[in-house]
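In what follows, a single structure is set out as structure tokens and then discussed.
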Amino acid sequence: MKDRMRTYLCIDLKSFYASVECVERGLDPMKSRLVVADPERTSKTICLAVSPAMKALGIPGRCRVFEIPENVEYIMAPPRMQLYIDYSAEIYSIYLKYISKDDIHVYSIDEVFMDVTDYLEMYHMSGQELGIQIMKDILKTTGITASCGIGTNLYLAKIAMDILAKHGKEHLAVLDEERYRKLLWRYRPMTDFWRIGREIAGRLERAGMLTMEDVAMADPALLYRMFGVDAELLIDHAWGRETTTIHDIKNYKPKNHSVSSGQVLSRDYSYEEGRLIVKEMVDLLCLELVDKGLVTDSITLHVGYSNRLERKPAHGTVSMTVTTSSAEQIRHYTLGLYERIMDPYAPIRRVTLTYNHVVDEIYRQYDLFTDPDVLDREYRMQKAMLDIKDKYGKNAILKGMNLQEGGTTRERNGQIGGHKSGL
């Protein structure tokens, strides 16, 4: 299966959130000046998306509101995450008209990979023709413009879309290994390539490697010293190679599972206020465990201090003597961890809580200090809370701490991905 030359499509929805807001207003997404940002937040808030017309003025897609020049007139659209999810689901149904779900990998809300190799003969189409057909269907059905990269492997399809198709008039580009080396080996900046961020690009530049051609021609031993096992992927990508297929992705099973929740706070929080946030997050994440029928025996807490302090975040992990979904038990360990790793005098701005080693609840384990009857009552109460929230909304049941000043649960219950759902 891997030996056969394959054809992959990578389809991206241009400035997706901004395009949806334009369509909803009866505006042309390609010509209208619109940004998606919450007007209730400060001017330092990051724009979730800007329309292509804004990008044409040199305004980056993830700028802060205050960075938009004052002389530029534009519409500010509050984020409506549920609306974007609905549009994404509708567009996914368009993909399913042409390609089986088994040959589609959803990379993000606005981007997918497709292995179309076995469909081209059936449709009597080339990869380009099929890509154009799907893009036209998306535009006709939803009003959203898409970009399409076509490649002989997943990496080349992604690069064709990211670097060539997004900036071309036809919004479509094709790459194989030979064409990749011809067109992009000397392309800059390196950060435009998938999986090369500023840190990796900086390390390569300090070693005298400014292009993918430089990486391809470099001594592999040097790259392995610099990046360890990650050098193997970097070298393959420098040559335009990628061995992973969608079939491999579909069949991948991670050795360890985890669930996590994170939030950036609207202002600097004190030590005690941060403790309240952690307690709220424990409760919500425990309800997620119960809802999914899972338990955990390990907790990781990552707390970022105020940006003005310029100091490393507090970070720590604790193993429990139980494997549980009990908020009571997990809260005890989490608050102990919080008190151990935190500076009580430093203001807090970011909190991430992760439950590690998540497994099915049939593996629930007790210790000598556990009363199974007490845990059973709590579990039944958690299930009842989930039923009520499912029927009447997430804020149908709140605890006293959720009503305290600084609590964020009520607000977060009305959000998706940290932004307003728009409902």
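A few points about this structure:
- Residue that is surrounded by the most Cβ atoms within 10 Å (Cβ to Cβ), among those in segment 362-387 that are of a type in the set (A, V, I, L, M) and closer than 16 Å to LEU284 by Cα: MET385
- Taking segment 73-122 as the range and being more than 22 Å from the chain's Cα centre (by Cα) and assigned to a helix (DSSP H, G or I) as the test, the residues that pass are ILE94, LEU96, LYS97, TYR98, THR117, ASP118, TYR119, LEU120, GLU121, MET122.
- Residue check for TYR123: surrounded by fewer than 21 Cβ atoms within 10 Å (Cβ to Cβ), closer than 30 Å to ARG412 by Cβ, out of contact with any Asp or Glu (no Cβ under 7 Å at 6 or more places or on another chain) and among the aromatic types (Phe, Trp, Tyr): no
- When residues of segment 338-350 are limited to those that are buried (at least 19 other Cβ atoms within 10 Å of the Cβ) and under 18 Å from SER261 (Cα atoms), the one nearest to the chain's Cα centre (by Cα): ARG349
- In segment 174-193, the residues that are out of contact with any His (no Cβ under 9 Å at 6 or more places or on another chain) and buried (at least 22 other Cβ atoms within 10 Å of the Cβ): LEU175, TYR180
- Some residue of segment 29-42 being in the same structural domain as ILE134 (by TED's automatic domain parsing), under 20 Å from ALA165 (Cα atoms) and surrounded by 21 or more Cβ atoms within 10 Å (Cβ to Cβ): yes
- VAL282 being assigned by TED's automatic domain parsing to the domain that holds ARG349, in contact with a strand residue (DSSP E or B) (Cβ under 8 Å, 6 or more places away or on another chain) and modelled with pLDDT of 95 or more: yes
- Residues in segment 179-221 that are of a type outside the set (Gly, Ala, Ser), in contact (Cβ under 8 Å) with a residue 24 or more places away in the chain and closer than 18 Å to THR152 by Cβ: TYR180, ARG181, LEU184, TRP185, PHE193, TRP194, MET212.
- Selection within segment 229-269 - touching a strand residue (DSSP E or B) at 6+ places or on another chain (Cβ under 9 Å), loosely packed, with under 14 Cβ neighbours inside 10 Å and aliphatic (A, V, I, L, M): ILE249, VAL264
- Annotation for segment 170-181: no member residue is assigned to a helix (DSSP H, G or I), at pLDDT 95 or above and small (Gly, Ala, Ser).
- For GLY422, the test of being over 17 Å from ASP291 (Cβ atoms), within 23 Å of the chain's Cα centre (by Cα), exposed (fewer than 13 other Cβ atoms within 10 Å of the Cβ) and at pLDDT below 85 is failed.
The values are calculated or read from the model by the stated rules, or taken from the named source; none is laboratory data. Worth saying up front: this structure is predicted, and the values here are computed from it rather than measured. Cβ coordinates were reconstructed from backbone atoms using ideal geometry, including for glycine residues, and neighbour counts include every protein chain displayed.
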